[in-house]
1. Give the residues of the stretch 45-96 that are touching a Leu at 6+ places or on another chain (Cβ under 6 Å) and on the phi > 0 side of the Ramachandran plot, sorted by residue number.
2. Output the qualifying pairs, or none if there are none: Cβ atoms under 6 angstrom, residues six or more apart or on different chains, first residue in the stretch 79-97 and more than 18 Å from Glu133 (Cα to Cα), second residue surrounded by fewer than 23 Cβ atoms within 10 Å (Cβ to Cβ) and among the polar types (S, T, N, Q).
3. Does at least one position in the stretch 152-160 carry a residue that is within 18 Å of the chain's Cα centre (by Cα) and of a type in the set (D, E, K, R)?
4. Of everything in the stretch 139-181, what is free of Cβ contacts under 8 Å to residues at least 40 places away in the same chain and part of a strand (DSSP E or B)? Give them in sequence order.
5. Based on this model, can you work out whether Gly152 counts as buried (at least 21 other Cβ atoms within 10 Å of the Cβ) and of a type in the set (Gly, Ala, Ser)?
6. Can you tell me which condition Ala29 does not meet? The list is (1) out of contact with any helix residue (DSSP H, G or I) (no Cβ under 7 Å at 6 or more places or on another chain); (2) at pLDDT 95 or above; (3) under 28 Å from His135 (Cβ atoms), and all the others hold.
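The values are calculated or read from the model by the stated rules, or taken from the named source; none is laboratory data. Bear in mind that the values here come from a model prediction, so they are computed numbers and not experimental data. Cβ placement follows ideal geometry from the backbone for every residue including glycine, while neighbour counts extend to all protein chains displayed.
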Amino acid sequence: MFHQIPGEVLACMRELEQMDSIERRGAMAHFDRLRQIPSGTGRFLALIAATAPEGELIDIGTSGGYSALWISLACRALGRGLTTFEIAEEKVALATETFRKAGVDDIVSIVSGDAREELGGQSDIAFCFLDVEKHFYEECYEAVIPKMVSGGLLVADNVISHAGDLSGFLDRAESDERMDTMVTPVGEGVLLARRI
């Protein structure tokens with residue numbers, strides 16, 4: 001996957017990385033922060049997604065589309081699609097344009113709306129990346145896990161950098177007898193959970 005990333009995908013990744021860098025310096029205020037994952041977390045996501053069992057791949061919290069670009073590499077290798085959910089209209093517009101320019105709009109579908117409400121149509125989830133406002137993590141988790149196939153994988157971002165805000169979520173995931181979990185210090189810290 002990483003040795004054959006299409007030039008259009010790389011160009012869009014670099015563009016979003018530059019936007020994120022400018023935003024973090026406070027020089028861009030027209031978006032409600034992209035809150036983009038680091039590239040190392042993106043690589044981790046692609047590798048984990050590529051090991052997902054048969055089923056649907058979803059991304060909750062599209063933002064500008066950066067994480068979805070990484071996951072799309074696994075989707076292309078697997079011959080599957082990705083559905084990504086975003087609630088902010090300006091981010092939906094940015095991500096839609098990103099996917100078009102990157103040439104992944106044939107495998108990445110964006111849903112404009114709250115994933116907690118929109119997940120009703122999803123079933124047989126094999127992979128989920130969760131990166132939204134931290135107070136929504138537990139609700140999103142509870143919406144996803146009952147729809148997850150055996151061996152399905154959930155990755156949640158920022159669990160070390162926001163450990164205080166996510167303590168209830170982490171306690172829930174780690175005590176959930178349906179899941180095997182671990183926290184790993186990739187990027188800002190990710191929870192990796194596997195459906196038993």
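1. Across the stretch 45-96, the qualifying residue is only Ser63.
2. Thr83/Ser109
3. Within the stretch 152-160, the first condition is being within 18 Å of the chain's Cα centre (by Cα), and the residues that meet it are 152-160.
Imposing the further condition that a residue be of a type in the set (D, E, K, R) reduces the set to 157.
Yes.
4. From the stretch 139-181, those free of Cβ contacts under 8 Å to residues at least 40 places away in the same chain are 139, 141-143, 146-147, 156, 158-181; that's our starting set.
Across the stretch 139-181, the qualifying residues are Ala156, Met179, Asp180, Thr181.
5. Numbers: buried (at least 21 other Cβ atoms within 10 Å of the Cβ): yes; of a type in the set (Gly, Ala, Ser): yes.
Answer is yes for this residue.
6. It is condition (2) that Ala29 fails.
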